[in-house]
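For reference, the structure discussed in these notes is given below.
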Amino acid sequence: MTTCKAMPLTTYSCVIVDDNEIDRLTALAHARQYPILDVVGVFELATAALPFLENRAVDVLLLDIDMPDLNGLELRMNLMKVPVCVFITSYPDYAADSFAVDAFDYLVKPIRRERFAHTMSRVESFFELTRKAQLFDLSLGADTIYIKDGHEQIKLNLHDIVYLEGLKDYTRIVTSTQQYTVLSSIGNLLQTKPFGSFLRIHRSYAVQRHYIDRVSAQQVHVQQFTLPVGRSYKSALNGIE
């Protein structure tokens, strides 16, 4: 009888830094719910975490921002080589500053289980994309792009694209039936002429206006998909019912 071996789980090393003991333990409890995270360090102060992180490569940072001596933003500035940095803070006002240091996500305390789950799903997707990202080339035609997958080229009509989802240096292109990954940030993609008609609704999402079915206070319903609306992008949806 042949025994099928389970594929080994890919894990990503993670460090947690928070000067509040309860918040630190809460972040650790959430992280331990996800086997993809291997928590290799938990620190009360950024000044204690920095020497450890300078001598060890890690994949994910879960950082508080408001800490004494060295805050989370300053710590991140010293560790830009870490692929994923998620800030967990009590202060929403730091959001703009956090993305200036390449934050992957920004969670406001108290951490909600479903919000943390959403972040972990994006983290897993991001690392998967970095392993399997397909190369991207624009076609000469204004209404068609070609996605290069190995030695094959997939022709895709721009009209068929429902929305774009950005994950740092990669963008997921979603149609009603398929998903493709390209090596290009969503910001760079939206600056190209073929994607000029897409509507940015969130730091990580852009949609084709004609596919929007319904708009609510915090969400856009696009065909079978429900996408978040970023606070700074709400004005772009004015006049859309």
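The values are calculated or read from the model by the stated rules, or taken from the named source; none is laboratory data. If you're wondering where the values come from, they're calculated on a predicted model, not measured in any experiment. Cβ coordinates were reconstructed from backbone atoms using ideal geometry, including for glycine residues, and neighbour counts include every protein chain displayed. Areas reflect the complete protein model, heavy atoms only, side chains present, ligands, DNA and RNA absent. Shrake-Rupley method; radii C 1.70, N 1.55, O 1.52, S 1.80 Å.
Summarising the amide proton neighbourhood of PHE43: residues at separation of 5 or more, or on other chains, whose placed amide H is nearer than 5 Å comprise ILE16, VAL17, ASP18.
Counting only protein chain heavy atoms and rolling a 1.4 Å probe, the accessible areas of VAL17, VAL108 rank, largest first, as VAL108, VAL17.
Taking the Cα centre of the range 192-241 as the origin, how large is its charge dipole in debye, to the nearest 20, when only Lys and Arg (+1) and Asp and Glu (-1) carry charge on their Cβ atoms?
In total the dipole reaches around 220 debye.
Along the Cα-to-Cβ line of LYS168, 7 Å from the Cα, sits a label point; which residues in the range 60-84 have backbone N less than 11 Å from it? In the range 60-84, the label zone of LYS168 (backbone N under 11 Å from the point 7 Å along Cα→Cβ) covers 60-61, 80-84. Any chance you could tell me what percent of the C-alpha pair distances in the range 158-241 go past 17 Å? More than 17 Å apart: 41 percent of the Cα pairs in the range 158-241.
Projecting the Cα atoms of SER185, ILE161, ALA103 onto the charge dipole of the chain (Cβ charges, centred on the Cα centre) puts ILE161 farthest toward the positive pole. The angle between the Cα long axis of helix 113-132 and the main principal axis of the chain comes to about 70°, on a 0 to 90 degree scale. The candidates ARG122, ARG76, ARG113, arranged from most to least accessible area with a 1.4 Å probe in the full protein assembly, appear as ARG113, ARG122, ARG76. With both residues required to sit in the chain, DSSP beta bridges show an antiparallel share near 65%. Residue-wise HN-Hα couplings along the range 52-69, as the Karplus relation 6.51 cos²θ - 1.76 cosθ + 1.60 with θ = phi - 60° gives them from phi, are 4, 6, 6, 10, 9, 6, 10, 9, 9, 10, 10, 10, 6, 9, 7, 10, x, 6 Hz; Gly and Pro carry x. Once backbone amide H atoms are built at 1.01 Å from N, TYR12 has LEU37, ASP38 as its partners under 5 Å, excluding neighbours fewer than 5 places away on the same chain. Take the chain with all the other protein chains still there, run a 1.4 Å probe, and you get 55 Å² of accessible area per residue. Note on mean projected area of the Cα convex hull in nm²: of the candidates [x] 12.0; [y] 13.2; [z] 16.6, the value calculated from this structure sits at [z].
Exposure check, 1.4 Å probe, all protein chains in place: THR144 carries approximately 20 Å² of accessible surface.
The angle between the Cα long axis of helix 21-31 and the longest principal axis of the Cα atoms of the chain comes to about 40 degrees, rounded to the nearest 10.
Where the centre of each part is set by its Cα atoms, how far does the range 19-33 sit from the range 91-133, in angstrom? That distance is 16 Å. Evaluate E = 1/(1 + (r/R0)^6) for SER13 and HIS118, where r is the Cβ-Cβ distance and R0 equals 30 Å; express this FRET efficiency to the nearest 0.05. It comes to 0.90. How many percent of the accessible area of the chain is carbon or sulfur, using a 1.4 Å probe? Roughly 48 percent, rounded to a whole number.
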